[in-house]
Each structure stands twice: as structure tokens, then as C-alpha cells.
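Take a look at the structure below.
The values are calculated or read from the model by the stated rules, or taken from the named source; none is laboratory data. Bear in mind the structure is a predicted one, so any value in this text is a computation, not a measurement. Glycine gets a Cβ as well: all are built from the backbone with ideal geometry, and neighbour counts include every protein chain shown.
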Amino acid sequence: MEHVKCLIIGSGPAGYTAAIYAARAAMDPVMFTGQEPGGQLMITTDVENYPGYPDGIMGPQMMDDFRKQAERFGTKIHYDIVTEVVKEGDVSRIKTEGGIEMTADTVIISTGASAKWLGLESEQKLMNKGVSACAVCDGFFFKGKDVIVVGGGDTAAEEASYLAKLCPNVHLLVRRDEMRASKIMQQRVFNTENITVHWNTSTMEILGEDEVIGARVKDTVTGEERTIEANAFFVAIGHKPNTDIFKDLLDMDDSGYLVTKPDSTKTNVEGIFASGDAQDNVYRQAVTAAGTGCMAALDAERYLVEKEII
């Protein structure tokens, strides 16, 4: 069975950044990209808020750049999915969907989180054509235009409040007659004049061919259907961290995000570190994910030095 000093589970900005730092520190990292090599940025078109790209860049191209840089310094990349992680003494043992078994002195987790979607056919058809799950990422493209946000929790309230600074009219669709958001976030929504809350409203279809032009919605009480015109549709019903395989090994919060020790990427298990959206339910940005990927590699390097492995 092959043994490595540093094994990275997942890719994206966190995983690739961890790989770059680990490789330059002579940790000979091996990465398993997971089901979505490159993470959520692979379904993102224009990225204009990542430093170093003054003209913006397509999400897939940016992740390809990250990958090439990681490989340049010697990272070995497997396009495979880790299905099991077990701690055995001082090492961690992993198994993959492709049948690989390997042990590692350190493991860096960068499995990310996936946005929750409504499950509409029109939602998939208009993805990146006005349909988005991140107002901070894509809101700027719809400055001066009317938009729709769907959701009733803190995420939806935050997205609507952010978009209200850019857009003349924000339509917030809430399925029930009340919001699940915290009281302070609800008050922020109610006190913002250009946010209109549509209670008891569910989305039947997002309208448009090559771009969003609105949504067909239904009143969940009366059954009445109507159309709301808008140029973008933001789904804000939350994210699910891709951490299920660690549930019997690592500490998590109630939503499944990995818990790390203060001011570090250390988990409750020695030698295992968590980075990116798998442990961040607050910021969820490419640049913050990359930052924690760097931190995880530095933490792992210190661990290996203390153990006199490198």
C-alpha cells in the first residue's frame, strides 16, 4: 500500500492552493479531486472579484490555472473520489471509488459545499445565464436591473440585502407566511424599501431562453399563478457541505460543516486539517477558500516537522 506525507481530498481553490504550498514545502502531496474537479467554480462563468485577474476570468479557466500551478511543483493528481477515511495510529488510511488504497501522515480536506437548488428544469437550462446561487459573486452583473431571490432563511435575507444596494427592485420569494431568518436579518429586509417580500410564494418556472426574463410563481394558499419580471434569479436556500464520509471521524456542526480549532485548520483528529467551504459556512468565496487552503498546508507542514517526518 502506498504511503504519502500529505494527501489532499478535494480540489477547488482550497485544495489546489494547499497542493501548491505543500508541494513547495517538499511534502510530495497527492490529490484526489472528487466528483467535481475544480469545485463550484467549474459551473461559474465570469469571475471578476478574484485578485490578479484585472479583466476577469472564466471559472473553469481559473481552476485550470490553479491545477497547472499545483502540478508544476509536483502535485500528483488522481481524478477519483475518496469513499472512506479511517485513522489508524499515527496515519490515516483512505479508499477510493476507483479501488485505490493509501495511507498518509497528514490529510487536508477541501471537499467544499454544494449549493441547494430548487430542482427545476428551467433552473438548469438558465444556469449562468441569470440563474445563480451567489449574489456576492454575480450580483454586480445585474447592477441597475430587477432581480429575484428565493429563500426564507438568513442566506436569502443577506443575499436580498446585498442585491438591494445594486438593483432598483429585489423580489424575495418566501414559501411560507413567515421567514426562518434571524430577527435582525428580517428587520434589515423589512426596512429596505426596494425589497418586496412575496409571502406564500413558490417558483413554478424560471422564464427565458438565453437569459432570465422573470419567473412564473404560484400562491401556495390560493393556487393563483402570476409572473414576476426580472433579469436574474438567485437561489438562496442554503448549501450542503460535502462532508458525509467524515461523519464518524470528525467533529461537525449541526449542518455538517467541519469544526476546526480556533485560529487554525486543525480538526479534532491529529494530522487531519480542513479548509475551504467544507468548514466555512460564512464567507464561501474563492479567495477565502484559497486562504484556508494555504493555512491547512502550513499547519500540516508544522505537524510533519514536529513529528520529524520532514
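Against the test of being assigned to a strand (DSSP E or B) and either closer than 21 Å to Met63 by Cα or free of Cβ contacts under 8 Å to residues at least 40 places away in the same chain (or both), the options Thr292, Thr227 yield a single qualifying residue, Thr227. Among the candidates Ile206, Ile195, Ile228, the residue that is buried (at least 19 other Cβ atoms within 10 Å of the Cβ), in the same structural domain as Ala164 (by TED's automatic domain parsing), over 27 Å from the mean Cα position of the chain (by Cα) and at pLDDT 95 or above is uniquely Ile228. Number of residues in the range 143-185 that are of a type in the set (A, V, I, L, M) and either farther than 20 Å from Glu211 by Cβ or surrounded by fewer than 16 Cβ atoms within 10 Å (Cβ to Cβ) (or both) equals 10. The numbered conditions (1) assigned to a loop (DSSP other than H, G, I, E, B); (2) in contact (Cβ under 8 Å) with a residue 24 or more places away in the chain are all true for Asp55 except (2). One residue alone among Ala22, Ala14 is under 15 Å from Glu71 (Cβ atoms) and at pLDDT 95 or above, and that residue is Ala22.
Would you confirm whether or not the range 152-162 contains a residue that is hydroxyl-bearing (Ser, Thr, Tyr), touching a Lys or Arg at 6+ places or on another chain (Cβ under 9 Å), without any contact (Cβ under 8 Å) to a residue 60 or more places away in the chain and at negative phi? Break it down into steps so the answer makes sense when it comes.
Initial filter on the range 152-162 (hydroxyl-bearing (Ser, Thr, Tyr)): 155, 161-162.
Cutting the leftovers down to touching a Lys or Arg at 6+ places or on another chain (Cβ under 9 Å) gives us 161.
Then keep just the ones that are without any contact (Cβ under 8 Å) to a residue 60 or more places away in the chain; that gives 161.
Among the residues that remain, those that are also at negative phi are: 161.
Yes - at least one qualifying residue is present in the range 152-162.
Only residues that are outside any helix (DSSP H, G or I) and surrounded by 15 or more Cβ atoms within 10 Å (Cβ to Cβ) were counted across the range 236-250, and they come to 9.
One residue stands out in the range 74-125 among those that are within 15 Å of Gln35 (Cα to Cα), in a strand (DSSP E or B) and hydrophobic (A, V, I, L, M, F, W, C): the one that is modelled with the lowest pLDDT, namely Ala115.
Look at Val287 and say whether it is in contact (Cβ under 8 Å) with a residue 12 or more places away in the chain, part of a loop (DSSP other than H, G, I, E, B) and in the same structural domain as Leu250 (by TED's automatic domain parsing). Spell out how you get there, then give the answer.
On the way: in contact (Cβ under 8 Å) with a residue 12 or more places away in the chain: yes; part of a loop (DSSP other than H, G, I, E, B): no; in the same structural domain as Leu250 (by TED's automatic domain parsing): yes.
Here the answer is no, as Val287 does not meet what is asked.
Among the conditions (1) closer than 30 Å to Gly34 by Cα; (2) among the charged types (D, E, K, R); (3) part of a loop (DSSP other than H, G, I, E, B), Glu193 misses just one, which is (1). Picking from residues in the range 265-291 that are more than 15 Å from Val107 (Cβ to Cβ) and among the polar types (S, T, N, Q), the one that is farthest from the chain's Cα centre (by Cα) is Thr288.
Looking at (1) outside any helix (DSSP H, G or I); (2) in contact with a helix residue (DSSP H, G or I) (Cβ under 9 Å, 6 or more places away or on another chain); (3) closer than 23 Å to Pro51 by Cα, which is the one condition that is false for Asn281? Status for Asn281: all satisfied but (2). Within the range 196-223, the set of residues being over 19 Å from Met179 (Cβ atoms) and part of a loop (DSSP other than H, G, I, E, B) comprises Gly208, Glu209, Asp210, Glu211, Val212, Ile213, Thr222, Gly223.
Residues that are buried (at least 24 other Cβ atoms within 10 Å of the Cβ) and either closer than 21 Å to Asp90 by Cβ or out of contact with any Gly (no Cβ under 8 Å at 6 or more places or on another chain) (or both) within the range 1-18 comprise Cys6, Leu7, Ile8, Ile9, Ala18, listed in sequence order. When we screen Ser110, Ser122, Ser132, Ser92 for residues that are in contact with a strand residue (DSSP E or B) (Cβ under 8 Å, 6 or more places away or on another chain), farther than 22 Å from Ser11 by Cα, surrounded by 16 or more Cβ atoms within 10 Å (Cβ to Cβ) and polar (S, T, N, Q), the only hit is Ser122.
Within the range 269-310, the set of residues being polar (S, T, N, Q) and touching a strand residue (DSSP E or B) at 6+ places or on another chain (Cβ under 9 Å) comprises Ser275, Gln279, Asn281, Thr292.
For the range 251-262, what are the residues that are touching a helix residue (DSSP H, G or I) at 6+ places or on another chain (Cβ under 9 Å) and part of a loop (DSSP other than H, G, I, E, B)? Even if it seems obvious, please write down each step before you answer.
First, the residues of the range 251-262 that are touching a helix residue (DSSP H, G or I) at 6+ places or on another chain (Cβ under 9 Å): 252, 256-258, 260.
Within the range 251-262, Gly256, Tyr257, Thr260 meet the criteria.
Asp277 - would you say it is touching a His at 6+ places or on another chain (Cβ under 8 Å) and either polar (S, T, N, Q) or within 23 Å of Ala133 (Cβ to Cβ) (or both)? Working first, answer last.
Working: touching a His at 6+ places or on another chain (Cβ under 8 Å): yes; either polar (S, T, N, Q) or within 23 Å of Ala133 (Cβ to Cβ) (or both): yes.
Considered against the rule, which asks whether it is touching a His at 6+ places or on another chain (Cβ under 8 Å) and either polar (S, T, N, Q) or within 23 Å of Ala133 (Cβ to Cβ) (or both), Asp277 comes out as yes.
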